[in-house]
Each structure stands twice: as structure tokens, then as C-alpha cells.
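Undergrad: Pasting in a structure now, in C-alpha cells, and then I'll have a few things to ask.
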Amino acid sequence: MTIPKNLLYARTHEWARPEGDAVVVGITDYAQDQLGEVVYVELPEVETGVDAGEELGTIESVKAVAEFVSPIAGEVIEVNDRLADEPNLINEDPFGDGWLVKVSGSLDEDEMLDAAAYQQMVEEESA
Amino acid sequence: MHPWVGAGDADKRSILDELGLDAVDDLFASIPVEVCVDRVPLPDAQDEVSVRWGLEALASSNLSADRLPCFLGAGAYRHLQPSIVDAVLSRAEFFTSYTPYQPEISQGTLQVIFEFQTLIGQLTGCEVANASLYDGATALVEAVLFSHRVLRGKRDLVIVAETVHPMYRRVLETYTRAQGLDLEIIPGGDDGRIDLERIRGADLDRACCVAIQSPNFLGIVEDLPTLADSIRGGGALAVQVITEAVSLGILAGGGSFGFDVVCGEAQSFGVPLGFGGPHLGFFACAEKNIRQMPGRLVGQTVDEQGLRAYCLTLSTREQHIRRAKATSNICTNQGLMALAATVWLELLGGSGLRDLARTNLARCEELKRRIADIGGGWSLAYPDSPTFNEFLLAAPAPATDLVDRLAEAGVLAGIWSHRWGGSWPDGLLVAVTERNSAADLDALVSALGRQS
């Protein structure tokens, strides 16, 4: 299980990476492994406004459907269109090509977990 | 204890001893005395033969649609009922299995449902159809809720033509009220068809869908291509509901003209009237919206030997997996009735269904031509509007007891047009199918003549 040190994590298994005035959001390697083979991703429309913790879309795998939420309040400025045809990018490269959305605004780092804290949470969850 | 012989006194005694109780009544001790009755007022016990004779006598006092000239329609239609439908239906493999979706042991049922979906897709002109729903009214409800989901819950207005079956609208009212959606009813035009100007003038920018029925409640065929363009121009989804599925034998389904959903009632396909049920709902839409489609869906795939096989697919939309966020509460389908429709349609084939629909149209047109013979002020309410196998026969004067009087005269003449409200003229809604003989038409014309 990979947990990159340079990212921040939500308790709901999203990762976040500041990029300019926005934050890139995806789901973690642990989350994609739990879901299994992803077959469909429902992404929000660009310009959708969201609150922190609000549902942004859904990820459908062969065995379940999971919602993912926005770690920050802001506006969706870009979505990963490649996922429409290649939803399995989430399985293959969850921290890279499998990113989900970019939301404008900045992260409140106190609300997020760092890699070590996330790892501890996951270990407790799977114990 | 024996698995299918009831418990005897000794068995009951041993169960009570195990429970530490004195008598069976002690099991019900928690029920307050004041809500208990000493005796249910039923007649004394009778033997099987007496019960059968008694019930048969009671049943024979019904005016049977199979014994009288019957012109009842309005959402339930009498069509040919070949013996093979019941013969296949009553096979134990189909008849006794409940939700038989486990692919390892249910290839037969799954194949039937897949064929049903294929047939509905072809007839409606839509890319995908589901495994069926309970009935036409709930299919319309599902179509409306589907539209709301497809537009991501951003549009809370539902526009429905008044010429959608009034009972369907009533069911829809119940659901939309609970969902917090606004329902707007658009009255029909002077010709009994949808008034296009009223549709164009409606608040289409706020609507998630506009639902129309064609052939409509008055039997009239709507202008589907124009309607689809007008409705979709405002960004709302176009929904066609159908109550007389045999019309699809000669009328292209709305999917061919850009309707987003074509749904309705398929009772006409081999399901008998049965005093109002069970019926058979169907639902078809474009593939791009398949993940918002309600209900079960069977897909075709290959097994590990590369052979054709069927299984439920896209189940992640459904309640048993998605719980509260499922696309709908429908977690089943009307399997046995879908089987009946599939057998019936496959027996007729495309040309058979077309011939049947043509016969319906011709019989109905024949009756319409003879209306002038009745005299006494009876007339076609909408003489210039095209109909399929049903039409509104305007009465010379309001007469709500007319249907009863005609039934006493031995003719089930139709349904009083205001039975469920509506802004159309007073009259009889008359349906004519292939089951109506020339003698039936004579009987209706002369019975109406005598009433005048």
C-alpha cells in the first residue's frame, strides 16, 4: 500500500495536493484496493460549488459504489475527463493519472491528516 | 414434527412446556383484551364442494368481459390470449421460482428477461430497456424520478399533460408530493391533443421533464417528433408513457423521435384483464443514462468456456447494494408477466403484431364511421384527430349512470369520460380491439340508439 509523503489525506480516503490556487483531489491506493476494479466514475460538472465534506461524485466498482467528497469549500474548476473511457486509471495510478477533480481554494491543513497519521488510521481501520 | 403436517396436540403441549406456558392463548397475552374479539363473524364451516359452488354462483353474477360485447379500455385492454402463453407460464421452472436471478441456476429466466428487454427496446425505439416494473403508473413515476436524477436534482418542476391517464397522474401526485417536486398539469387543446403552444409557454427551463401519453387517454395519437423538439429545447427530458402497447405495432415508439424515456403498461401483450392486475410496467431510455435507470437489468456475456450466458448487470445502482442512494426502491421485476409478454410477442413476431395493430385500427375506424347511424346527438368528440383503437364518443347529455344502464342492456359500452375528472367533453371512452366482432359493434350501436 502506497501513501505518498507529500500529500494530505481526508478520513474519507481522499488525498489532496495544493496546485496554484486550487487543490487536486483523488482517492488513495488503499481506497481503490478496497473498491476493486473501477468501472464507472460519475464526476461533477465544472463550476459546481461545493462545501468541505460535500459529495462530489461517485466511483462504481464491480462490487460497490462509493461517494467521494471535497476536502475543501470552493468551486470545481476541472475534472479528469480521461476517466470516462479509462475508469481503471483509478486502480492503476490513484495518485497520478487517476486524479478526480480540481477544486479552487486552499486547504485547511489542520483539518487533514499527513501521511503518517493516515497510515495509522488505515492500520487501525483494517485491524 | 413432520415438515408439512400441522402440529398435533402432543406437539403443541411439548412446545408449550419448552416455553414454560400453560396454553396457546398465553402466547398472545400481550395483546390488550379490549382490542380482542371473541369470534370473527364468519359463516359455519362448509365442505369444499359447497364452498366452490357458492363462490361460483357469486362470481357468475359479475358481468364478464368475455361473455358480453366489451368496449372497456382506458389502460387495460382485451386482446387475443393464445394457449401457449399460459402453457409456458405454468411450467414449474418459471411459475414457482421467486427472484430467480442467480446466474448459475437461472439461465432460462435470465434469457427470457433479456429477450423481453430486447423486444421492448425495439418497440420503443430506445437503446436500453429494463427487466420490467410493476405497472404503467409506477413506470411513469420512475420515469419522472429518473429525469430528476439525470438533471442532477437541479430542476424540481414536473410537467404532465392532462391527457396522461388520470389514475397515473394520481399515483404520480403521491410520489412527487413526498419528493418535494412541483407538479404542473397542462390541459389539452380543442382537438384533444396536446396544445403545443402551452408546452412551449410552460416553464421548461425549470422542468426536469415533460410527460405525455400517446396514444393519449382519449385514444388520440400525438405529434411525437414536434413534441420531442419542443420539450428538449428547454433542456427538460421528454417522457412518453403508453397504456396501449399494441399501438407500437404500427406507431413508432418515441425513442425514434428523441424521447428520453418511453415507458408504460404492457398488459396488452398477453396478460389478461384479470380484474385489474397483475399488470406489467416497462421502461426504456438512452444508453448514456443507463446508470440512472431504475430496476433490474439483465446483460448478455460469455461464461468461462466462452459460451453465451446471461446475468444481472449494473446491480450497483440497486437498493440491495446502494441502500439509501439506490436509483429507486424497485429491487425486483414483474418476471412472470414479462415472460407472458415475451412468449406472446415472439409468437406473433413483428409482422403478426403489425397485423394485429392494423386490425385494431380498422375495427375502431369502422365503429367510428357508424356513429352517425346512432342518431340522438351521439358524435365523435374529436372527429379530426387521429386515434388508434380508442376514442371519445361525445354524449348528447351528461349521464353518469349511462354505463350502468348499457350494462343492464347487455353491453359493456366503455368508461364514462369523467370517471376520474378531466376537462374533456361528457361521453364514453370506447376501446375496440380484435376481440370485438361485427356482432359486438352492432350490439353497441343499437344499444346506444335505444338510449337516445
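FYI, it's all coordinate maths here, none of it is from the lab. For clarity, every value in this text was computed on a predicted model and none was experimentally measured. Reconstructed Cβ throughout: ideal geometry from the backbone, glycine too, with neighbour counts over all protein chains shown.
Undergrad: I'd like the Kirkwood hydrodynamic radius of region B:212-258, using the inverse of the mean 1/r over distinct C-alpha pairs, in Å. Working shown, then result.
TA: Details: mean 1/r = 0.0916 Å⁻¹.
Computed over region B:212-258, the radius equals 10.9 Å.
Undergrad: While we're on this one: Once the cut-off is 25 Å, how many percent of the Cα-Cα pairs in region B:293-452 end up in the long-distance tail?
TA: On the way: 6839 of 12720 pairs.
Within region B:293-452, distances greater than 25 Å cover 54 percent of Cα pairs.
Undergrad: Taking the Cα centre of region B:6-127 as origin, sum charge times position over the Cβ atoms of Lys and Arg (+1) and Asp and Glu (-1), and report the length of that vector in debye to the nearest 20. Before the final figure, lay out the partial values.
TA: Details: 7 positive and 19 negative charges, 177 e Å.
Dipole about the Cα centre, nearest 20: 840 debye.
Undergrad: Mind computing the radius of gyration and Dmax over the alpha-carbon atoms of region B:1-134? Å is fine for both.
TA: My reading of the Cα-based Rg and Dmax gives 25.1, 67 Å.
Undergrad: Please turn the phi angles of region B:386-392 into ³J(HN,Hα) values with the Karplus equation 6.51 cos²θ - 1.76 cosθ + 1.60 (θ = phi - 60°), one per residue in order, whole Hz, x for glycine and proline.
TA: With coefficients 6.51, -1.76 and 1.60, one gets x, 10, 9, 10, 8, 7, 9 Hz.
Undergrad: Report, largest value first, the span of the C-alpha coordinates of region A:51-127 along each principal axis, in whole Å.
TA: Between the extreme Cα coordinates on each principal axis of region A:51-127 lie 34, 33, 20 Å.
Undergrad: B:Gln267's amide H: which non-local residues (gap 5+, or another chain) put their own amide H closer than 5 Å, with H modeled 1.01 Å from N in plane and none for Pro or chain starts?
TA: Counting only residues 5 or more places away or on other chains, the set is B:Leu280.
Undergrad: Which ³J(HN,Hα) values, rounded to whole Hz and listed in residue order, are derived for region A:117-127 from phi using the Karplus coefficients 6.51, -1.76 and 1.60 in 6.51 cos²θ - 1.76 cosθ + 1.60 with θ = phi - 60°, glycine and proline given as x?
TA: Using θ = phi - 60°, the values come out as 5, 5, 4, 5, 4, 5, 5, 5, 5, 8, 6 Hz.
Undergrad: Where does region B:221-325 land on Rg/Rh, using Cα atoms and the Kirkwood Rh?
TA: On the way: Rg = 17.0 Å, Rh = 16.3 Å.
Ratio of gyration radius to Kirkwood radius: 1.04.
Undergrad: With no solvent and one point per C-alpha, what does the Debye sum give as log10 I(q)/I(0) for region B:81-224 at q = 0.09, 0.10, 0.17 Å⁻¹?
TA: -0.40, -0.48, -1.04
Undergrad: OK, next. Amide H to amide H under 5 Å from B:Ser328: which residues, 5+ apart in sequence or cross-chain, H placed 1.01 Å off N in plane?
TA: B:Gly295, B:Gln319
Undergrad: Then there is this: From the phi of every residue in region B:440-450, what ³J(HN,Hα) in whole Hz does the Karplus formula 6.51 cos²θ - 1.76 cosθ + 1.60 yield, where θ is phi - 60° and glycine or proline is x?
TA: Along region B:440-450, the couplings run 4, 4, 4, 4, 5, 4, 6, 5, 5, x, 5 Hz.
Undergrad: Out of the GluC sites (Glu not before Pro) in region B:117-214, which ones are loop residues according to DSSP with at most 16 other C-beta atoms within 10 Å? Could the numbers behind the result be given before it?
TA: Values: sites: B:Glu127, B:Glu142, B:Glu162, B:Glu173, B:Glu184, B:Glu197; in loops: B:Glu127, B:Glu162.
Filter output for region B:117-214: B:Glu127.
Undergrad: Considering all projection directions equally, how large on average is the shadow of the alpha-carbon convex hull of region B:52-130, in square nanometres? Before the final figure, lay out the partial values.
TA: Working: hull surface 34.6 nm².
With every direction weighted equally, the projected area is 8.7 nm².
Undergrad: Distance between the C-alpha centers of region B:299-376 and region B:165-187? Whole Å please.
TA: 24
Undergrad: Straight distance only, please: which aspartates and glutamates reach the Cα of B:Lys12 with their own Cα at less than 15 Å, same-chain residues fewer than 8 apart left out?
TA: Straight-distance partners of B:Lys12: B:Asp22, B:Asp25, B:Asp26.
Undergrad: Which of A:Glu123, B:Glu365, B:Glu48 comes first, and how do the rest follow, when ranked by fewest Cβ neighbours within 10 Å?
TA: Values: A:Glu123 11, B:Glu365 15, B:Glu48 7.
If I rank by nearby Cβ atoms, fewest first, I get B:Glu48, A:Glu123, B:Glu365.
Undergrad: Debye sum, Cα scatterers, chain B, no solvent: what log₁₀ I/I(0) at q = 0.06, 0.12 1/Å?
TA: For the requested q values the scattering log ratios are -0.33, -1.06.
Undergrad: Here is a further query. What trypsin sites (Lys or Arg not before Pro) does region B:74-176 have in DSSP loop regions with at most 14 other beta carbons within 10 Å? Don't skip to the end; give the middle numbers.
TA: Working: sites: B:Arg78, B:Arg91, B:Arg149, B:Arg152, B:Lys154, B:Arg155, B:Arg169, B:Arg170; in loops: B:Arg78, B:Arg91, B:Arg152, B:Lys154, B:Arg155.
Listed in order of number, the matching sites are B:Arg91, B:Arg152, B:Lys154.
Undergrad: So what's region B:278-384 giving for Rg/Rh, alpha carbon basis, Kirkwood Rh from the mean inverse pair distance?
TA: Details: Rg = 22.0 Å, Rh = 18.4 Å.
On the Cα set of region B:278-384, Rg over Rh gives 1.19.
Undergrad: Further question: Scan around A:Val39 for amide H atoms under 5 Å from its own, H built in the peptide plane at 1.01 Å from N, and keep only partners 5 or more places away or cross-chain.
TA: Those lying under 5 Å, H to H, from A:Val39 are A:Glu60, A:Ser61, A:Val62.
Undergrad: Let me ask you something else. 222 nm [θ] for the protein assembly as shown, helices only, -39500 (n - 2.57) per DSSP H run of 4+, per residue, to 500?
TA: Numbers: 16 runs with 185 residues, N = 579.
Here the helix-only value at 222 nm equals -10000 deg cm²/dmol.
Undergrad: Separate question: Rounded to two decimal places and with Rh computed the Kirkwood way over Cα pairs, what is Rg over Rh for region B:339-424? Don't jump to the answer; show the numbers that get you there.
TA: On the way: Rg = 16.3 Å, Rh = 15.4 Å.
Ratio of gyration radius to Kirkwood radius for region B:339-424: 1.06.
Undergrad: Moving to a separate point now. Please report Rg (one decimal) and Dmax (integer) in Å for the Cα set of region B:360-401.
TA: When restricted to Cα atoms, region B:360-401 yields Rg and Dmax of 10.7, 30 Å.
Undergrad: Ranked by Cβ crowding within 10 angstrom, fewest neighbours first, how are B:Val37, B:Val302, B:Val246, B:Val262 ordered?
TA: So the ranking, lowest neighbour count to highest, is B:Val37, B:Val302, B:Val246, B:Val262.
Undergrad: Given the convex hull of the Cα atoms of region A:1-79, what is a quarter of its surface area in nm²? Don't jump to the answer; show the numbers that get you there.
TA: Details: hull surface 20.7 nm².
Value for region A:1-79: 5.2 nm².
Undergrad: Exposure proxy check: A:Ser70, B:Ser64, B:Ser247 ranked by fewest other beta carbons within 10 Å?
TA: Numbers: A:Ser70 28, B:Ser64 11, B:Ser247 25.
The most exposed by this proxy come first: B:Ser64, B:Ser247, A:Ser70.
Undergrad: For region A:1-107, what is the charge dipole size about the Cα centre, in debye to the nearest 20, if Lys and Arg each add +1 at the Cβ and Asp and Glu each add -1 at the Cβ? Mind showing how you got there, number by number?
TA: Working: 6 positive and 22 negative charges, 97 e Å.
That gives region A:1-107 a dipole magnitude of about 460 debye.
Undergrad: Using only Cα atoms, what is the ratio of the radius of gyration of the protein assembly as shown to 2.2 N^0.38 Å? Show your work: numbers first, answer last.
TA: Details: Rg = 29.5 Å, N = 579, 2.2 N^0.38 = 24.7 Å.
Compactness ratio reported: 1.20.
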